[in-house]
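Every number here is computed from the coordinates shown, using simple stated rules; none is lab data. Not measured: the values here are computed from a predicted model. For neighbour counting, all protein chains shown are included, and Cβ atoms are generated from backbone atoms with ideal geometry for every residue, glycine included.
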Amino acid sequence: MSLHSMKLRLAAAIAFFVPVLALATPPSSPADHAAQLITPDTLQAPIRFLADDLLEGRGPATRADKLTQLYLASTLQSLGYAPGAGNGSYIQPFDVVGITGDVPKTWDFKKGGETLALKYWDQFIAASGVQKETSAIGGSGGGAEVVFVGYGIQAPEYKWDDYKGADLKGKVLLMLNNDPDWDPALFEGKTRLWYGRWDYKYASAGKQRAAGAIIIHTIPSAGYGWQVVQNSWSVEQFQLPDDPHEGQPPQVQVKGWATEDAARQLAKLGGFDLDALVQQAKSRDFKPVPLGVTTSFSLTSKLRNVQMANVAGLLPGSDPKLKDQVVIYTAHHDHLGIGKPDATGDTIYNGAVDNATGDAQVLAIAKAFAALSERPKRSLLFLFVAGEEKGLLGSEYYARHPTFPAGRIAADINYDGGNIWGRATDLTYIGLGKSSLSDVVQKIAATQGRTVVGDQFPEKGFFYRSDQFSFAKVGVPSIYLHSGTHFRGRPDTWGKEQIEAWEAKHYHQPSDQLTPDWNFEGMVEDARLGFSAGLTIANDPQLPTWKPGDEFEAARKAALAH
């Protein structure tokens, strides 16, 4: 046989077998094809823009904030999403009050003839707790007494009350961070609850009509270093405006933080040992301990009324019976902006991981949904919220003024941070077991060859530190995922070491930047999983539910009843 004849026969054989092989391998589904559009490039490009120095750290109510909103809204429009803010726009603006305090250089305490002067920045941080130009403790009445109140928690369901009916009006409450964590029979063991968060503690002190509250910072109890307190609380603070029609709960005049060493000195001034006080606080029988120490303290603040804005794009559902229900994807678009310089002189807090990665994942998921030939049954809302770093302000505002009532929000899928270390064999679900959504995530993760685990840093209280908490409070079940800790081809301890090292060096620091060593493979997997989860929820005839007895079950039932 000639060489030419052999070539012809080979070509004929190939022509025959190619269609046969094509039929033997079923084509991927439209959903699989859409998920494949989530790639390292589709993630890296938005991060590169959002975390660039030109965006100046995306500080709230700045020109950079406006640019961020415009970028996100324009991207959603280019993907074919309809305006989702409920006002014919992609932008949901809301008013906030900016409060910039002029804090005294020392905070003075006295007992008898002895005095203690704590140094601002190194030993204490303070901010106004009220929307007024002056906030004061003590006044001219000889000063306010400092009272140690343990954890400052009232939790009837755990049979815990640190206040025991004490009259604390006008006092300054010194309190421990976190919640009781040494015995699972008391609270939830190492898993931090909202009771352990600073926002609960200041609100709790306000309910006691205290004049001020000082939280004792330690790295184990806070989950982050003192520098995070310094950088977060020394800059302009933002609050949603007081609403005279709703009636505001009482608030402390001054919100304070103190280092452990400063708190130890304060206790010693009163004739107490801090370690002994902490031991007393570990009992349900604990009662507030007056330290016999008094203080007067005031700070002046500049107030300004500004606007922040959420950005929202809507993909209407295809089922007439379900399109008035929605699956919401959230990521916060703000970071800390420009602040105090680090050791290198850098003043721009770029927020690459926190949270340009979250924004990028949600944008990539939006691109995948836009590529589907058939829309999901329920509607989809892609919501980029403002002011997360200032106390979940954007998500709280949306929860108060939703475009879909809480009872018609099937779920919130929140992205806050991203995996920059590579592919993991596990996936962390913050809030695993709280709702029926856990089953959805576990099934999809199994198709990726991954196992789903609960919060691997439970003492840090992540569930109450990001925007899904605003939705949970009005009853909406949530999916909030973090990176796993077991990485393919790495030693078992490597992942946890990388995450802890990153948090220690870069969290809320100017060094949170996009660098060449990032590995996007794991982030791609996490985003594809979130896409599949949202698609599953959007097409499921049944609404997700909280597990019986969960802390948010009652809120869900109330929302569904409306």
Asserting the computed 222 nm helical MRE of the chain (DSSP H runs at least 4 long, -39500 (n - 2.57) per run, divided by residue count, to nearest 500) equals -9500 deg cm²/dmol
Options [x] 113, 51, 48; [y] 68, 66, 56; [z] 91, 58, 42 are given for Cα extents along the principal axes in Å, and the computed one is [x]
Quick calc: nm separation of the 7 Å Cα→Cβ label points for residue 305 and residue 497 -> 5.5 nm
Result row for the chain, helices from DSSP H with C-alpha axial extent 20 Å or more and mean Kyte hydropathy at least -0.5, is 3-24, 63-78, 521-539
For the table 443/557; 268/390; 119/302; 201/460; 132/201, the rows whose alpha-carbon distance is greater than 24 Å are 443/557; 268/390
Length gained if residue 443 through residue 425 is fully extended, taking 0.36 nm per residue and subtracting the Cα-Cα distance, is 5.0 nm
Distance in nm between residue 44 and residue 488 label points, each 7 Å along Cα→Cβ, equals 1.8 nm
Check: C-alpha center segment 211-235 vs C-alpha center segment 315-390, spacing in Å is 27 Å
Ranked on Cβ counts within 10 Å of their own Cβ, fewest leading, 478, 283 go 283, 478
Put in order of increasing Cβ neighbours within 10 Å, starting from the fewest, 374, 551, 525 give 374, 551, 525
In whole angstrom, the spacing between the Cα centers of segment 269-313 and segment 59-108 equals 29 Å
If R0 = 45 Å, then residue 106 and residue 374, at their Cβ-Cβ distance, give a FRET efficiency to the nearest 0.05 of 0.10
If the label point sits 7 Å along Cα→Cβ of residue 343, residues of segment 506-530 with amide N under 17 Å come out as 506-513
Length gained, residue 122-residue 436, 0.36 nm per residue minus C-alpha separation, equals 108.5 nm
A correct fewest-to-most ranking of 347, 536 by other Cβ atoms within 10 Å would be 347, 536
Quick calc: nm separation of the 7 Å Cα→Cβ label points for residue 157 and residue 321 -> 3.3 nm
